[in-house]
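Only the coordinates and a few stated rules stand behind these numbers; no lab work does. A quick note: this is a predicted structure, and the numbers were derived from the prediction, not measured. Don't worry about glycine lacking a Cβ; one is built from the backbone with ideal geometry, like all the others, and counts go over all protein chains shown.
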Amino acid sequence: MNKDKVNTVQDTVNEENMEQTHTASESGEHPEVQESSNEENVSQEVDSSEEGGLQAEIEKLRNEMSEHQQRTLRVQADYDNFRRRTQKEKEELAKYASSKLVTELLPVFDNFERALAASEDNPEFESFSKGVSMIFRQLETVLNTEGLTAMNSVGQPFNPEFHQAIMQVESDDYEEGIVVEEVQKGYMLKDKVLRPAMVKVSM
């Protein structure tokens, strides 16, 4: 009798276990499968987070590299401009090194010309005039060697870069705005105006 009761209880437990297993199967609740799925999801989330962090770090490094490249290019451009400017200043300094000396000699040059012009009107000073003329030509040669050249202003259109107008005069020979008379010569030192010519301009 006791054996029958034990068998009856065991059968009941087995039926309950089968029902629970069947119910879990129908509802899709498989504990082992669900646990494995959760672990995969967590792993994917971690991998995605790490990948996003790496991408952000790479983008940051790229931006920094680009900024450094731009800064290097700007520094190089500034240096090239400075080098060219310095080279140009050196060339101009060497080219016009005698500018101050020649400028100071121009009044002497003018006085020589006046002395020669005055001696032409007086035959008694012929020998003196020849001596002064020789000195003048010698000085002229030296100054020409340094790059000094006289302007030819008469008959040229007035140009404020080369001429300094002291008055306007009426002229039948020239149109308006033409230099008709040179009061004081102008000079160029190579390609630079050393002294503008003082002129009278037609009106």
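With 26 Å as the limit on Cα-Cα distance, the pairs of Lys100/Lys130; Lys88/Lys185; Lys88/Lys190; Lys100/Lys185; Lys90/Lys190; Lys130/Lys185 that go past it are Lys100/Lys130; Lys88/Lys185. Where both bridge residues fall in the range 62-203, DSSP classifies roughly 65% of the beta bridges as antiparallel.
A simple rule links phi to the HN-Hα coupling: the Karplus curve 6.51 cos²θ - 1.76 cosθ + 1.60 with θ = phi - 60°, which for the range 108-114 gives 4, 4, 4, 5, 4, 5, 5 Hz, with x for Gly and Pro. Peptides 175-186, 138-149 ranked from most to least packed by the mean count of surrounding Cβ atoms within 10 Å: 175-186, 138-149. Spin-label model, Ala118/Glu92: points 7 Å from Cα along the beta carbon direction are separated by 4.0 nm.
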